[in-house]
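Below is one structure, written out as structure tokens; the observations come after it.
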Amino acid sequence: MNALDARAISFAYGARQALRDVSFSLAPGRFAALLGPNGAGKSTLIALLTRLYDLQGGDIHVGGHSLREAPREALRQLGVVFQQSTLDLDLSVEQNLRYHAALHGLSRRETGLRVEAELERQTLGERRREKVRELNGGHRRRVEIARALLHQPRLLLLDEASVGLDPASRLALNQHVRTLCREQGLSVLWTTHLLDEVQADDALMILHQGRLVASGQLDTLLHEQGGDLGGLFARLTRAEVAA
Amino acid sequence: MNAYWQCFSGIVLREWLRFVLQRTRFLSALVRPLLWLLVFAAGFRAALGISVIEPYDTYIPYEVYIIPGLACMILLFNGMQGSLAMVYDREMGSMRVLLTSPLPRTFLLCSKLLATSLISLLQVYGFLAIAWVYGVQPPAMGLLVALPALLLVALMLSALGLLLSNAIRQLENFAGVMNFVIFPLFFLSSALYPLWKMRDSSEWLYWLCAVNPFTHAVELVRFALYERFAGLALLVCLGLTGVFTLLAVLTFNPQHAALRKKG
């Protein structure tokens, strides 16, 4: 069963079409990169995947559960790190995690165990009592990842999670998520507009002007179409503009 | 059921922690009603004589009269501010987290409204404590009886705030809320003057005040503070809380806010 199935998603803001017939799948344990220039429709897609917006056309299945028909089950399978930080800056790391666990209805005992485990896994144990405000950007992102994984989702969605980080933190974050993906069998959807965050064996999707203009494993796509990712990306996005 | 309780208590705990950590916000919320009490009421004391009216058993100074209205004013400001933040960007980040909970959205929104209302009560009782020291001392038991009344009013005003923020595009900033919601609700009510005084000057203004939900909120609290039962006000507040909450939940949709921005 796929971790994520997006089937013929369309969405419009009034007369402006933001997504047109977008379909893709994500297998368990895969790292998928969703690339697209600004305004490509990535944020709209994330809003639909997280049920912030209601689906207009098509359907999304998370872990086999339809967002339309079984939204609660679907959301249970989904962990999200949003583009803009959604942590309470004045609360401690642990308080932020406990709040999230409560939102997912976890018992206090279970919460204690999972918070402990996630802090350990993200190497944040010593920072648990620090206010989030006191952490640097990279650590804040780790807290958000720990939070997103507390309820043990099958799919982790990161929306431009590396924006605002320095190059070293950006690389560390990317590698950290890949490790989680490899070791925990977690599926990851990583949206970005930075090409160097994508690796050859990643599943790649390129979104442009609301359409999915490329989908497949990066090295396969490059083998078929030639050139490098930068060339492919420029060609596909320019071609659409010209069309 | 346990999941719902865990979720609700988590939301309340978060509001409590934010309240404790942002003490300056708490204190600044007290400045407004205290100015009304210590400056406005003192100034108008001589000009506005209050005759014996229910629920008071005797002549009262003006400061005593306006206490329930000022308590409700705290709830009005908090309710509008909190609800506006739920719809627009300031808290959109934390609202996004809230909405990724697998529990029903209706439950999440009602929990949030109830949690912010409970925290508002702390501010009201902070204000009542200062008023007590200042010399406005309702019966001690009345302070307890007023608790459910204040909670109901807080819920009603928060739900109204959320409903208005959902429905009206022009309320995107707090200035709009002040001009078109808070001031009319507050001044066209029995918060600052008894309705019979209003009737003396204008019949139609009197009727506007009489149908204003805020008037019923103030009267419910006024009567409760003096251990009296205001049946009509209670019915109106209960009914409106139900209607406002239902409509607010039905119309809450972050997509609408996004469509307004992009549209």
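What follows draws every value from the coordinates through simple rules; no lab data is involved. Nothing here was measured: the structure is a model prediction, and the numbers come from that model. FYI the Cβ positions are ideal-geometry reconstructions off the backbone, even for glycines, and counts take in every protein chain you see.
When chain B is treated as a Gaussian network with alpha carbon springs shorter than 10 Å, the biggest mean-square fluctuation among B:139, B:213, B:102 belongs to B:102. Helix check for chain A. Which DSSP H runs span at least 15 Å along their own axis by Cα, with a mean Kyte-Doolittle hydropathy no less than 0.5? Counting only whole DSSP H runs, the qualifying helices are A:229-242.
Neighbouring Cβ atoms from other chains, within 10 Å of the Cβ of residues in A:80-86, number 3 on average. For chain B, the longest principal axis of the Cα atoms and the long axis of helix B:105-134 meet at an angle of about 30 degrees. With the convex hull built on the Cα atoms of the protein assembly as shown, state its orientation-averaged projected area in nm². Over all viewing directions, the protein assembly as shown projects a mean Cα-hull area of 26.7 nm². Scoring B:32-42, A:138-148 by mean Cβ neighbours within 10 Å over their residues and listing the highest first yields A:138-148, B:32-42. In units of the compact-protein estimate 2.2 N^0.38 Å, chain B shows a Cα radius of gyration of 1.02.
Principal-axis analysis of the Cα atoms of chain B puts helix B:62-87 at an angle of about 10° to the longest axis.
Taking every DSSP helix (H) stretch of at least 4 residues in chain A, weighting each as -39,500 (n - 2.57) and dividing the sum by the residue count yields a mean residue ellipticity at 222 nm of -11500 deg cm²/dmol. Residue A:8: net charge of surrounding residues, Cβ under 13 Å, Lys/Arg +1, Asp/Glu -1, itself excluded? Residues close to residue A:8 contribute a combined charge of +1. Take each residue of peptide B:99-107, count the partner chain Cβ atoms within 10 Å of its Cβ, and average: the result is 6. Rg/Rh for the range A:82-150 stands at 0.93; both radii use Cα atoms, and Rh follows the Kirkwood definition. Packing order of peptides B:229-240, A:153-164, highest average first: A:153-164, B:229-240 (average count of other Cβ atoms within 10 Å over each peptide's residues).
Within the listed set A:106, A:45, A:207, the residue fluctuating most in the Gaussian network model of chain A (springs between alpha-carbon atoms under 10 angstrom) is A:106. Just check chain A against the gyration tensor rule for me: Cα atoms, a ≥ b ≥ c as the square roots of the eigenvalues, rounded for a/c under 1.5, and otherwise prolate or oblate depending on whether a/b exceeds b/c. Cα axes put chain A in the prolate bin. In chain B, the longest principal axis of the Cα atoms and the axis of helix B:23-35 are about 30 degrees apart. Please state the shape class of the range B:174-223: rounded when a/c is under 1.5, otherwise prolate if a/b exceeds b/c and oblate if not, all from the C-alpha gyration tensor. It comes out oblate by the Cα gyration axes.
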